[in-house]
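Notes for the one structure printed next.
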Amino acid sequence: MTPQKPNSSFIYTFNYDYHHEELCKMECRQIFGPKMTHKLLFSDLKIDPSISPFIKSRLDIITSSDDYVTFLSRIKDQHIELHDFTVEYLILKGDTTQKPERREKQKDIGYCIEGRPDFQHPVITYAVCYYEGMWHFGVLHKENAAWHKHRQKPHSFSNSIGTIIAKTLVTIASKGVASSKLLDACCGVGTVMLEACISGIHTDGCDINVRAYQHALKNLAHYAYTANVYHSDIKDLEQKYDAAIIDLPYNLYSVTTEDIASHIIAATAALSNRLIIVSIADIEPVINAVGLQVVDYCTVVKRGKSFFTRKIWVCESSHTQDH
Ligand SMILES: C[S@@+](CC[C@H](N)C(=O)[O-])C[C@H]1O[C@@H](n2cnc3c(N)ncnc32)[C@H](O)[C@@H]1O
């Protein structure tokens, strides 16, 4: 009998398009620390898969074994008695088990559970998977794709950030902690705020432009979310936050002046020790001049009428904030 894989209560599975690979890996580093490989990660950290645009599922491991017979007897030893369950087969990298055999394994496990299955409307989904010589069994929690509805938000403008990046910014800022208090310092029409709201993460927004401010309010109201939006220069806010996101102003033809970037970053740094900064210009010298430390960085290439690259910096300051 082989002991269970140590320090691994959960298996997370990920999916991303190739141009989001760097972004997904940065999100993973910021939440979990260890690197994700083969689009999966073993971790002891429990987070809601729906908080990330890239996490597809979390398997809460109940038992594991490298020997299939032992594996089944360990599942039986759990004495699981309930109705309306289903068992899925999670295919992980390197698992060459063919479909008929996967079906058999699902059945084997179903027989280890006392109760009536319900494949259409299960109240609980169990899963079996095989990775690097070990069988794992547990409860499967899948992502909730409800956030995709934000793509149809009533108000948008050309500078609005995409929903996938917006959602990741919230995850990176909060490190997956739902009780975080966030600020979107240049909220525009509230794209980032919508992603925080659907995850139940407190976020305030601020924008100097009255139309952006009004559109942010309307977008939030459209989905019945409640959040504070300030029509203000960020320099006039006083509350402190666990983390702040800054999607710096730009347009595709003239890069934001360093003065504006410096003003916004310095004012936001006075409100939070952790800043996630997005820009299409290389403003790292400005970040350093403000006294922030870059702790992580990635780029996302956007394909549209023209190619351009968004740069994302995770910054921290050693200044103590009163939260
Ligand atoms: C790139 S846009 C943000 C877009 C936003 N993430 C969205 O998806 O709608 C930058 C925003 O920064 C705002 N802004 C510029 N200077 C500001 C300041 N000093 N304080 C607050 N907001 C400011 C602009 O009005 C603009 O809406």
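Here are some notes:
- For the chain, built as a Gaussian network whose Cα springs stay under 10 Å, the top-fluctuating residue of GLN214, GLN30, GLN98: GLN98
- Spacing of the two label points (7 Å from each Cα toward its C-beta) at LYS76 and ASP108, in nm: 1.3 nm
- Axis of helix 258-269 versus longest Cα principal axis of the chain: the two differ by about 60°, to the nearest ten degrees.
- Cβ-Cβ distance of VAL139 and ILE91, R₀ of 25 Å, FRET efficiency by 1/(1 + (r/R0)^6): the value works out to about 0.90.
- When you filter the GluC sites (Glu not before Pro) in region 187-287 for DSSP loop state and at most 11 other Cβ atoms inside 10 Å of their Cβ, you are left with GLU238.
- Between region 228-292 and region 108-126, the Cα center-to-center distance that results, in Å: 51 Å
- From its DSSP helices (H runs of at least four residues, each -39,500 (n - 2.57)), the chain gives a residue-normalised ellipticity at 222 nm of -8000 deg cm²/dmol.
- Neighbour cut-off at most 15 other Cβ (10 Å), DSSP loop, GluC sites (Glu not before Pro), region 68-176: GLU132
- GNM result for the chain, Cα springs below 10 Å: residue of ALA216, ALA243, ALA289 fluctuating most strongly: ALA289
- 0 to 90° range, to nearest 10: angle between helix 210-222 axis and the chain longest Cα axis: 30 degrees
- Percent RCO, i.e. relative contact order, over the chain, from Cα pairs under 8 Å lying at least 6 residues apart: 14 percent
- The stretch between LEU45 and ALA270 holds 78.0 nm of extra length on full extension. This uses 0.36 nm per residue minus the Cα-Cα distance.
- Phi to ³J(HN,Hα) by Karplus 6.51 cos²θ - 1.76 cosθ + 1.60 over region 164-176, Hz, x for Gly, Pro: 5, 5, 4, 5, 5, 4, 5, 5, 5, 4, 7, 6, x
- Here is the list for region 192-293: trypsin sites (Lys or Arg not before Pro) lying in DSSP coil, each with at most 15 other C-beta atoms within 10 angstrom of its C-beta, are LYS240.
- Once the Cα-Cα distance is subtracted from the 0.36 nm per residue extended length, the SER318 to HIS231 segment shows a gain of 28.4 nm.
- Relative to the longest principal axis of the Cα atoms of the chain, the long axis of helix 99-111 lies at roughly 80 degrees.
Every number in this text was worked out from the coordinates using simple rules, so none of it is lab data. This is a predicted model, so every value here is computed, not measured. With ideal geometry, Cβ positions are generated from the backbone for all residues, glycine too; neighbour counts draw on all protein chains shown.
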